[in-house]
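*Asks:* Below is a structure I'd like to ask you about.
The values are calculated or read from the model by the stated rules, or taken from the named source; none is laboratory data. Worth saying up front: this structure is predicted, and the values here are computed from it rather than measured. Backbone-built Cβ (ideal geometry, glycine too); neighbour counts: all protein chains shown. In case anyone asks, the SASA skips ligands and DNA or RNA and just uses the protein heavy atoms, side chains included. Shrake-Rupley method; radii C 1.70, N 1.55, O 1.52, S 1.80 Å.
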Amino acid sequence: MKTIAKSIILIAVMILYGSCSKIVQESPETITISGHITDEDGQPVENVSLDLMYITRMNLLGFYYGTGIHAKTDENGYYSIQFDNNDDYSYRVDIEKAGYDYVQSYSVDRWIASQKHDVVMKKKEEYIDLGLPSRTMWANCNVGTNKPEGIGDYFAWGEVAPKSTYSWENYIHCNGAGDQLTKYCNNPAYGYNHFTDTLTILDRPDDAGWCNFDSNQGPQIPSKEQWQELYQNTTHTWTTLNGVAGVRFEASNGNSIFLPAGGMRHDDGNTVGVEHGYYWLNSFYTGNPTNAWNFMIGADLDVIGNSTATAERYIGFSVRPVHPYGWPFCPTN
């Protein structure tokens, strides 16, 4: 029994000592925090603001205050902050840059002299005011990328996730064939078991513009009317942006958007037709519900630039969302 009692006491002492070891150890006089900040593509983000904040143990309300110690990332996305440690303080670092989503502050360990904290920042959704009559705002990038020249992802019409191949067999709104539609069908000859419904415009859960952007309001695949408004109220130039061919649409207010030519995908999953860009619109062709409306861009703008076309719904096209007037922009004039 004495042996067991001694063992219990020894274990208790070890646990107590272990739990207090961090408390009794000596904290460093100076702490250095450093790291790299990149975007989702792994590219460095420069001129990110970093602010060192502190809170005292006596501050029962939990408010953090600025230390007056700041840093910015360089062209390589690198930053470094050094400060004198105070045992009575807890520290955190706030990170911010215009055009990027909020980044959660990170806590600083007061017991480690040199610490590395790498951070990944995500670009905010950006919508461009082109001064259009309807006040519709067009997104700066395709769905699936954060670069204006990025091709992004390809979507079948009415689907919200990209795929490796695109066919009627794996199209979500049919039963394996184009004349076996299970949604968005106005003609029983094309419906599974003669199915029909009254839907002609994409529901939000089927809209890749809405489902793939962070906002829960507003973004959507454009309508035919919104595309034609864009074309008729801007000048358009076939050009390149960072080596990618596409069309720049410039408004009279000086703002512009660039739509890259990314071709399409179907069957074997290979990208074809890269001399043009193909973008879905939000309604199907009521004369043949196996097809949906899209618009095309290309060097031959005089031929196809102002027109809409139809294509089989299972094909993978690009998506460029719009924000209708009223959210998040509500001009009063």
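*Asks:* Filter segment 285-330 down to residues that are surrounded by 15 or more Cβ atoms within 10 Å (Cβ to Cβ), at pLDDT 90 or above and of a type in the set (Ser, Thr, Tyr), then give me how many there are.
*Replies:* Number satisfying all stated conditions: 5.
*Asks:* Looking for whichever is under 17 Å from the mean Cα position of the chain (by Cα), within 28 Å of Gly298 (Cβ to Cβ), part of a helix (DSSP H, G or I) and not polar (S, T, N, Q) here; the options are Trp210, Trp227. Which one fits? Break it down into steps so the answer makes sense when it comes.
*Replies:* Values: Trp227 fails: under 17 Å from the mean Cα position of the chain (by Cα).
Just one listed residue meets the conditions, Trp210.
*Asks:* On to the next question. I'd like the residue in segment 103-141 that is among the small types (Gly, Ala, Ser) and over 19 Å from Arg248 (Cα atoms) and, out of all such residues, is nearest to the chain's Cα centre (by Cα).
*Replies:* Step one: list which residues in segment 103-141 are among the small types (Gly, Ala, Ser), which gives 105, 107, 113-114, 131, 134, 139.
Of the ones still in play, those that are also over 19 Å from Arg248 (Cα atoms) are 105, 107, 113-114, 134.
Values: Ser105: 20, Ser107: 26, Ala113: 36, Ser114: 33, Ser134: 25 Å.
Applying the filter and picking the extreme gives Ser105.
*Asks:* Shifting gears a bit: Just checking, which of Thr235, Thr271, Thr240 is surrounded by fewer than 16 Cβ atoms within 10 Å (Cβ to Cβ), touching a Ser or Thr at 6+ places or on another chain (Cβ under 9 Å) and modelled with pLDDT of 90 or more?
*Replies:* Numbers: Thr271 fails: touching a Ser or Thr at 6+ places or on another chain (Cβ under 9 Å); Thr240 fails: touching a Ser or Thr at 6+ places or on another chain (Cβ under 9 Å).
None of the other options fit; the residue is Thr235.
*Asks:* Considering only segment 25-41, state which residues are open to solvent by less than 50 Å² (accessible area, probe 1.4 Å) and more than 20 Å from Gln115 (Cβ to Cβ). Break it down stepwise before answering.
*Replies:* Restricting attention to segment 25-41, the residues satisfying the condition of being open to solvent by less than 50 Å² (accessible area, probe 1.4 Å) are 27-28, 31-35, 37-39.
Across segment 25-41, the qualifying residue is only Asp39.
*Asks:* Scan segment 171-204 for residues that are over 28 Å from Val322 (Cβ atoms), open to solvent by 40 Å² or more (accessible area, probe 1.4 Å) and either assigned to a loop (DSSP other than H, G, I, E, B) or in contact (Cβ under 8 Å) with a residue 24 or more places away in the chain (or both) and jot them down.
*Replies:* Those that are over 28 Å from Val322 (Cβ atoms), open to solvent by 40 Å² or more (accessible area, probe 1.4 Å) and either assigned to a loop (DSSP other than H, G, I, E, B) or in contact (Cβ under 8 Å) with a residue 24 or more places away in the chain (or both): Asn175, Asp179, Gln180, Asn187, Tyr190, Phe195, Thr196.
*Asks:* Identify all residues within segment 250-272 that are outside any strand (DSSP E or B) and either in contact with a Pro (Cβ under 9 Å, 6 or more places away or on another chain) or in contact (Cβ under 8 Å) with a residue 24 or more places away in the chain (or both); write none if there are none. Let's see the steps before the verdict.
*Replies:* We begin by selecting, within segment 250-272, every residue outside any strand (DSSP E or B); these are 251-255, 261-262, 266-270.
Scanning segment 250-272 gives Ala251, Ser252, Asn253, Asn255, Ala261, Gly262, His266, Asp267, Asp268, Gly269.
*Asks:* Ok, one more. Might you let me know whether segment 151-163 holds any residue that is open to solvent by 30 Å² or more (accessible area, probe 1.4 Å), aromatic (Phe, Trp, Tyr) and in a strand (DSSP E or B)? Give the derivation first.
*Replies:* Quick first cut of segment 151-163, residues open to solvent by 30 Å² or more (accessible area, probe 1.4 Å) only: 151, 153, 160-163.
Now narrow it down to the ones that are aromatic (Phe, Trp, Tyr): none.
Within segment 151-163, none of the residues are open to solvent by 30 Å² or more (accessible area, probe 1.4 Å), aromatic (Phe, Trp, Tyr) and in a strand (DSSP E or B).
*Asks:* Ok, one more. With the checklist (1) at negative phi; (2) among the small types (Gly, Ala, Ser); (3) buried (at least 16 other Cβ atoms within 10 Å of the Cβ) in hand, flag the one item Ser252 doesn't pass.
*Replies:* Only one criterion in (1) at negative phi; (2) among the small types (Gly, Ala, Ser); (3) buried (at least 16 other Cβ atoms within 10 Å of the Cβ) is unmet by Ser252, namely (3).
*Asks:* Residues in segment 73-80: is at least one at pLDDT below 95 and touching a strand residue (DSSP E or B) at 6+ places or on another chain (Cβ under 6 Å)?
*Replies:* Checked against the condition, which is being at pLDDT below 95 and touching a strand residue (DSSP E or B) at 6+ places or on another chain (Cβ under 6 Å), segment 73-80 yields no hits at all.
*Asks:* Identify the residue in segment 28-46 that is hydrophobic (A, V, I, L, M, F, W, C) and part of a strand (DSSP E or B) and, among all such residues, is farthest from Ser105 (Cα to Cα). Before you say what the answer is, go through the steps one by one.
*Replies:* Kept after step one, since they are hydrophobic (A, V, I, L, M, F, W, C), are these residues of segment 28-46: 31, 33, 37, 45.
Retained after the next criterion (residues that are part of a strand (DSSP E or B)): 31, 33, 37.
Details: Ile31: 17, Ile33: 13, Ile37: 13 Å.
Checked segment 28-46; the qualifying residue farthest from Ser105 (Cα to Cα) is Ile31.
*Asks:* Every residue in segment 57-75 that is within 30 Å of Gln43 (Cα to Cα), open to solvent by less than 90 Å² (accessible area, probe 1.4 Å) and part of a loop (DSSP other than H, G, I, E, B), please. Write out each step before concluding.
*Replies:* Of segment 57-75, the ones within 30 Å of Gln43 (Cα to Cα) are 66-75.
The next check asks that each one be open to solvent by less than 90 Å² (accessible area, probe 1.4 Å); those that pass are 66-69, 71, 73-74.
Residues satisfying the conditions are Thr73, Asp74.
*Asks:* Taking segment 114-131, which residues are more than 15 Å from Pro219 (Cα to Cα) and surrounded by 20 or more Cβ atoms within 10 Å (Cβ to Cβ)? Lay out the reasoning, then the answer.
*Replies:* Let us first name the residues in segment 114-131 that are more than 15 Å from Pro219 (Cα to Cα), namely 114-123, 130-131.
Across segment 114-131, the qualifying residues are Met121, Leu130.
*Asks:* Go through the residues of segment 82-96 one by one and say whether even a single one is out of contact with any Leu (no Cβ under 6 Å at 6 or more places or on another chain), within 21 Å of Gly42 (Cα to Cα), part of a loop (DSSP other than H, G, I, E, B) and open to solvent by 50 Å² or more (accessible area, probe 1.4 Å).
*Replies:* Within segment 82-96 (the criterion being out of contact with any Leu (no Cβ under 6 Å at 6 or more places or on another chain), within 21 Å of Gly42 (Cα to Cα), part of a loop (DSSP other than H, G, I, E, B) and open to solvent by 50 Å² or more (accessible area, probe 1.4 Å)), the answer is no, since none of the residues qualifies.
*Asks:* Would you point out the residue of segment 101-113, among those that are among the small types (Gly, Ala, Ser) and under 24 Å from Asp39 (Cα atoms), that is surrounded by the fewest Cβ atoms within 10 Å (Cβ to Cβ)?
*Replies:* It comes out as Ser107.
*Asks:* Among all residue pairs at least 6 apart or on different chains, which show Cβ distances below 6 Å where the first residue, located in segment 233-249, is more than 25 Å from Ser134 (Cα to Cα) and the second is of a type outside the set (Phe, Trp, Tyr) and exposed (fewer than 13 other Cβ atoms within 10 Å of the Cβ)?
*Replies:* That search, which allows pairs on different chains as well, returns nothing.
*Asks:* Going through segment 108-139 one residue at a time, which ones are among the hydroxyl-bearing types (Ser, Thr, Tyr) and part of a strand (DSSP E or B)?
*Replies:* Step one: filter segment 108-139 for residues among the hydroxyl-bearing types (Ser, Thr, Tyr), giving 114, 127, 134, 136.
Within segment 108-139, Ser114, Tyr127 qualify.
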